[in-house]
Amino acid sequence: MNRNVELKNHQREIFYFRLRLVLSLGFVAVMLFILLARFFYLQIFRHDYFHTLGESNRIYVVPIVPNRGLLMDRNGVVMAQNYSGYTLEVTPSKVSNMDALITDLSKLVEITPKDIKRFQKLLSERQALETLPIRSQLSDDEVARVAAQRFRFPGVEIKARLFREYPFTDVTSHLIGYVGRINQNDIDQLEDDDSASNYLGSDYIGKTGIEQSYEQELHGTTGFEQVEVDASGRAVRVLSRTSPQSGNTLVLTLDAKLQQVAEEAFGDYRGALVAIDPANGEVLAFISKPGYDPSLFIDGIDTETWDELNNSPDTPLNNRALRGQYPPGSTFKPFMALTGLHFGTRSPSRTISDPGYYMLPGSRHQYRDWKAGGHGSVDMFKSIVISCDTYYYGLATELGIDNIYSYLSRFGFGKKTGIDMEGESSGLLPSAEWKMKRYKQAWYAGDTVSVGIGQGYNLVTPLQLAFATATLANDGVAFQPHLIKEIRRSRGEPLLTESRQLFDLQIDPEHMKLVKSAMEAVTKPGGTAAGAGAGAPYRMAGKTGTAQVVAMKQGEKYDAKRLSEYNRDHAWFIAFAPADKPRIALAVLAENGGHGGTTAAPIARKVLDYYLLGKLPKPLQTVSEKAGAEND
Amino acid sequence: MMNALQLKQRFMRNLDPVLLAALGGFALVSLVLLYSASDGNWVRVLGQLGNIVVGFVALWVVANMQLHWLMRAAVPMYVLGMILLLLVLTPLGVNSHGATRWLNIGVATIQPSELMKIAVPLMMAWYFEKNEATLTLKNYFVATLLLLMPIGLIIKQPDLGTSILIWASGFYVLFLAGLSWRIMIGSAVAAVASAPFLWSMLHDYQRHRILMLLDPSQDALGKGYHTIQGMIAVGSGGILGKGYLNGTQTHLDFLPERTTDFIFAVWSEEFGLIGNLLLLGLYVFVIGRGFIITANASTYFTRLMAGSITLTFFTYAFVNMGMVSGILPVVGVPLPLISYGGTSMLTLMLGFGMLMSIHTHKKLVKT
């Protein structure tokens, strides 16, 4: 009995146990189903997502920055190039105590206070995660020292990079400009142009001059490398590579030696010179003096040097050739003469009697000639040769401002020339309409009088005046002034810049002949530039000019000695040669140089001598000699 | 003189060939996978081979034990385990990675909690067997205490993974021993109800840690990194996998702990969903065999023990795969029979040795 009960209990026990075992089995089945569902979810439904995550884990796209295109002059002389060197760079986001780091680093490599100031300026403008150079052009010794100690400096690295170099430094600074570090403005601009992706990894972009205006040609196409990396970010292997395409080499229309000759011809004068080939608009020389050392700007300039440059009374950062606006003075007269001939206002042979001043009918105000007592009897030819003011006071009055404006604006006065460089000024050719708009005043007859001799409201840029001179030299057929002769692509045929004719004024050949022969006589004995023209073995045509900086009171006499240097008149000279078949036309401005004939014209003569005869005023230093001399 | 056949029969007498074949399969998978997971490091592979050999020897020894020997071992093992766990709290305990789990016994360091994986269910099963005739609520209470005491010590170390596995192995004993549904449901309700109160008792950093366990993406580079990289490995494996030795997550070091706790991610990445189904199949096979042995076990003690061993083995596998695939928090549980490691291999093989002993000695006990 007892045993029976026990057996029963035992069977019941087994039954309940097996029931619970089956329940456990059910639990296991449910859990397994959950796992299976999870595997299906991860490996089928979300496979693409996780595949992408896995790929982005291991694949990095590393941009390969293309080599920037070179710049060379028309004869193949290099004007901007790249050289490889080492920089010491710091990633500020990885550095906790920047001052301590700089102190420690300066024990290994020389870091000047200027470097630190420059670095701090970069630091204040930096973008997140950017690395900033603290020292460039490390010597091999310095590289080795830093490399050995690098573990001590997280966030510090040595980078091998290509640096931009401008062999002609300040001689070509305003023409070529410079590259500088890409800033937020540049990034916004690149994003607007949809070219930001091409600048991945790039640190530099053209900021001014040709470097800026031809940025697209010079930059090249960024290459990419797909790299497989491990979890610590170390590259394991290269998966694919798209090579970068170097920027295009630009061949300038410029003649580097001519540029150097012109720059040296200025001596200590500030000023500008633009020389153009009248037959095709090629710019042969482009000077704005003083220049500056463009390499200062490449990795950011320190505040002190910047202030020094920016506040200098010589304004070395001002591109005078492109942006400087000055009254043309008497260089305006040949153009006025052509205007008079065009409208038939004055026949060439008509003479006036010059008492040394001009008075408007019904007025007692005397407009003085530069020569007290006057030039006596003056016809058009003589008016140019001796630069008679009285002749042009009268001519302007007879023409009226409307005629002057309508004809001379066709020469390009008051308009940008459209040269391939950014930031050009348009100068000013006044008109009655302009004066009303600008000053809310009617045009007075007196306004016209001073326009006749290139004073008054008139303003030109040296480039504009050179362009007008080239147009005149080319008998009224104007070509677009341009700086680039040829674009040599890293692949494909070189692209030659075609000379583009802008307009043909269809000037009567007789008119042309008269004005040109008068301009030629300017450089002959009796002319205002006789000294500068003396002994020239080619036919040189020109016109002097003087631009007032401060206005003279009625009856006051101009005395250079009494005026401070910066208030003295600017000296102008325009020229072309050979007069019968011009190969070069130019405009020279010597700021505060006084008379055009004595300061500006000799500069032009040296330029013409070199260009036409290959004659050097003195042996030119080579670029390396010049660099060496500067370091002494 | 025995001939070879006799020798083989003698050797295999107490082994279950079905289970043995499956375990051999796991050993093969472990070695092949470790070769890939360790980037072809033969030291690791041969080390694991050593672990496997030791494990099989232990299995053979235990399988050949009489069951009453096992029962006799229950109390001393449990007491020894508790003493060692207490010693971990003394200066003899070795701290590593912020947890004190090891004990320095001079010649080596041992992890007493591993011993408890066997000792706790063994002790509980022994206790229920002892009181089989007169089971009352009091016995379940005492058994629960036997379970909670070591768990309390192990949580303190802290070692969440081992605590969970020991808790599971003890709970299975309680469940199979017939713990009333009312008590189980009552405890569960009480646990859920007290959760908000316990939550309010926690420090901020403790709460943060728990939240991190629940949502690893909160800390993608810190604690969440393991889970995220594991999920990427599993998910990017797709249906067919990237192929043996071709897992990018594995071979480019993105997967952490890939020879130990995250070895399943390596398998998943290289063999895909198909591989996962095969591996799950192998686990299901072993668990199924375990259930059959349990169902046929002859005594109360062996039923409880076999059931607990089988279900714990499953729990092991489930928790590991669940944590690698991101449905469970990362708690530090290796993939049973595959992850590199001697201790877990030995514990598991001891368990399977007991299963075989239970299987082959059932008739002996009955008589």
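Looking at segment A:371-380 only, could you name the residues that are surrounded by fewer than 18 Cβ atoms within 10 Å (Cβ to Cβ) and either within 15 Å of A:Phe332 (Cα to Cα) or aliphatic (A, V, I, L, M) (or both)?
A:Ala372
Looking only at segment A:49-67, which residues are assigned to a helix (DSSP H, G or I) and either in contact with a helix residue (DSSP H, G or I) (Cβ under 9 Å, 6 or more places away or on another chain) or within 7 Å of chain B (Cβ to nearest Cβ) (or both)?
A:Tyr49, A:Phe50, A:His51, A:Thr52, A:Leu53, A:Gly54, A:Glu55, A:Asn57, A:Arg58
So B:Leu311 ticks every box in (1) within 10 Å of chain A (Cβ to nearest Cβ); (2) surrounded by 24 or more Cβ atoms within 10 Å (Cβ to Cβ); (3) more than 15 Å from the chain's Cα centre (by Cα) but one. Which box is left unticked?
Here B:Leu311 clears every test but (3).
Please work out if A:Arg488 is more than 30 Å from A:Ser349 (Cα to Cα) and not assigned by TED's automatic domain parsing to the domain that holds A:Lys382.
Working: more than 30 Å from A:Ser349 (Cα to Cα): yes; not assigned by TED's automatic domain parsing to the domain that holds A:Lys382: yes.
Yes: the conditions hold for A:Arg488.
Answer yes if at least one residue in segment A:59-66 is over 36 Å from the mean Cα position of the chain (by Cα) and either at pLDDT 85 or above or closer than 26 Å to A:Gln212 by Cα (or both), and no otherwise. Before you say what the answer is, go through the steps one by one.
Step one: of segment A:59-66, the residues over 36 Å from the mean Cα position of the chain (by Cα) are A:59-60.
From what is left, the residues that are either at pLDDT 85 or above or closer than 26 Å to A:Gln212 by Cα (or both) are A:59-60.
So far as segment A:59-66 goes, yes, one or more of its residues are over 36 Å from the mean Cα position of the chain (by Cα) and either at pLDDT 85 or above or closer than 26 Å to A:Gln212 by Cα (or both).
Looking at A:Ala547, A:Ala536, A:Ala468, A:Ala518, which one is over 30 Å from A:His174 (Cβ atoms) and in contact (Cβ under 8 Å) with a residue 60 or more places away in the chain? Let's see the steps before the verdict.
Details: A:Ala547 fails: over 30 Å from A:His174 (Cβ atoms); A:Ala536 fails: over 30 Å from A:His174 (Cβ atoms); A:Ala468 fails: over 30 Å from A:His174 (Cβ atoms).
Criteria check complete, one pass: A:Ala518.
Quick one: would you say B:Gly186 is exposed (fewer than 13 other Cβ atoms within 10 Å of the Cβ) and either under 25 Å from A:Arg234 (Cα atoms) or modelled with pLDDT of 90 or more (or both)? Break it down stepwise before answering.
On the way: exposed (fewer than 13 other Cβ atoms within 10 Å of the Cβ): yes; either under 25 Å from A:Arg234 (Cα atoms) or modelled with pLDDT of 90 or more (or both): yes.
So B:Gly186 fits the description; yes.
So, in segment A:155-172, exactly how many residues are part of a strand (DSSP E or B) and of a type outside the set (Gly, Ala, Ser)?
At the first step, the residues of segment A:155-172 found to be part of a strand (DSSP E or B) are A:156-165.
This time we only want the ones that are of a type outside the set (Gly, Ala, Ser), so: A:156-159, A:161-165.
Here the count works out to 9.
Please identify the pairs in which a residue from segment B:176-191 that is more than 10 Å from chain A (Cβ to nearest Cβ) has its Cβ atom under 7 Å from the Cβ atom of a residue that is at pLDDT 90 or above, counting only partners at least 6 apart or on another chain.
Matching pairs, first to second residue: none at all.
Out of segment B:314-330, which residues are aromatic (Phe, Trp, Tyr) and more than 9 Å from chain A (Cβ to nearest Cβ)? Reasoning before the result, please.
From segment B:314-330, those aromatic (Phe, Trp, Tyr) are B:314, B:316, B:318; that's our starting set.
Scanning segment B:314-330 gives a single hit, B:Tyr316.
Only residues that are part of a helix (DSSP H, G or I), more than 27 Å from A:Ser499 (Cα to Cα) and either in contact (Cβ under 8 Å) with a residue 24 or more places away in the chain or under 25 Å from the mean Cα position of the chain (by Cα) (or both): list them for segment A:405-433, please.
Step one: filter segment A:405-433 for residues part of a helix (DSSP H, G or I), giving A:405-411, A:432-433.
Next, from what is left, pick out any that are more than 27 Å from A:Ser499 (Cα to Cα): A:405, A:432-433.
Across segment A:405-433, the qualifying residues are A:Tyr405, A:Ala432.
Count, please, the residues in segment B:334-365 that happen to be at pLDDT 90 or above and assigned to a loop (DSSP other than H, G, I, E, B).
7
Residue by residue through segment B:93-149, note down the ones that are under 19 Å from B:Gly342 (Cβ atoms), in a helix (DSSP H, G or I) and among the basic types (Lys, Arg).
B:Lys117
With respect to A:Asp99, is the statement that it is of a type in the set (Asp, Glu), closer than 27 Å to A:Ile187 by Cβ, at pLDDT 80 or above and assigned by TED's automatic domain parsing to the domain that holds A:Phe153 true? Lay out the reasoning, then the answer.
On the way: of a type in the set (Asp, Glu): yes; closer than 27 Å to A:Ile187 by Cβ: no; at pLDDT 80 or above: yes; assigned by TED's automatic domain parsing to the domain that holds A:Phe153: yes.
For A:Asp99, the condition - of a type in the set (Asp, Glu), closer than 27 Å to A:Ile187 by Cβ, at pLDDT 80 or above and assigned by TED's automatic domain parsing to the domain that holds A:Phe153 - is not met.
Among (1) within 20 Å of B:Met345 (Cβ to Cβ); (2) more than 10 Å from chain A (Cβ to nearest Cβ), where does B:Ile287 come up short?
(2)
If we keep just the residues of segment A:12-25 that are at pLDDT 90 or above and more than 7 Å from every other protein chain (Cβ to nearest Cβ), which is farthest from B:Arg303 (Cα to Cα)?
A:Leu23
Return the residues of segment B:225-278 that are among the acidic types (Asp, Glu) and within 7 Å of another protein chain (Cβ to nearest Cβ); say none if nothing qualifies. Lay out the reasoning, then the answer.
Of all residues in segment B:225-278, those among the acidic types (Asp, Glu) come to B:253, B:257, B:261, B:269-270.
Within segment B:225-278, just B:Asp253 meets the criteria.
Just need a number here: residues in segment B:69-92 that are free of Cβ contacts under 8 Å to residues at least 40 places away in the same chain and either touching a Cys at 6+ places or on another chain (Cβ under 7 Å) or part of a helix (DSSP H, G or I) (or both). I'd like the intermediate steps shown before the answer.
Applying the first criterion (free of Cβ contacts under 8 Å to residues at least 40 places away in the same chain) to segment B:69-92 yields B:69, B:72, B:76, B:79-80, B:83-84, B:87, B:90-92.
Subset that is either touching a Cys at 6+ places or on another chain (Cβ under 7 Å) or part of a helix (DSSP H, G or I) (or both): B:69, B:72, B:76, B:79-80, B:83-84, B:87.
Residues in segment B:69-92 being free of Cβ contacts under 8 Å to residues at least 40 places away in the same chain and either touching a Cys at 6+ places or on another chain (Cβ under 7 Å) or part of a helix (DSSP H, G or I) (or both): 8 in total.
Could you grab me the full set of residues in segment A:26-48 that are facing chain B (nearest Cβ under 8 Å), aliphatic (A, V, I, L, M) and either touching a Gly at 6+ places or on another chain (Cβ under 9 Å) or under 19 Å from B:Ser236 (Cβ atoms) (or both)?
A:Met31, A:Ile34, A:Leu35, A:Leu36, A:Leu42, A:Ile44
Collect the residues in segment A:516-530 that are more than 35 Å from the chain's Cα centre (by Cα) and part of a helix (DSSP H, G or I), keeping them in residue-number order. Show your work before the answer.
If we filter segment A:516-530 for residues that are more than 35 Å from the chain's Cα centre (by Cα), which is where we start, we get A:517-518, A:521, A:524-527, A:530.
Across segment A:516-530, the qualifying residues are A:Ser517, A:Ala518, A:Ala521, A:Ala530.
Pairs only if they're at least six apart or on different chains, beta carbon under 6 angstrom, first in segment A:180-203 and farther than 20 Å from A:Pro244 by Cβ, second not in a helix (DSSP H, G or I); list them, first residue then second.
Between residues of segment A:180-203 that are farther than 20 Å from A:Pro244 by Cβ and residues that are not in a helix (DSSP H, G or I), the close pairs are A:Gly180/A:Lys207.
Could you please let me know if B:Ala27 is touching a Leu at 6+ places or on another chain (Cβ under 7 Å), assigned by TED's automatic domain parsing to the domain that holds B:Leu337 and surrounded by 18 or more Cβ atoms within 10 Å (Cβ to Cβ)?
On the way: touching a Leu at 6+ places or on another chain (Cβ under 7 Å): no; assigned by TED's automatic domain parsing to the domain that holds B:Leu337: yes; surrounded by 18 or more Cβ atoms within 10 Å (Cβ to Cβ): yes.
Answer is no for this residue.
The values are calculated or read from the model by the stated rules, or taken from the named source; none is laboratory data. Keep in mind the model is a prediction, meaning the values are calculated, not measured. All Cβ positions, glycine included, derive from the backbone under ideal geometry; neighbour counts span all protein chains shown.
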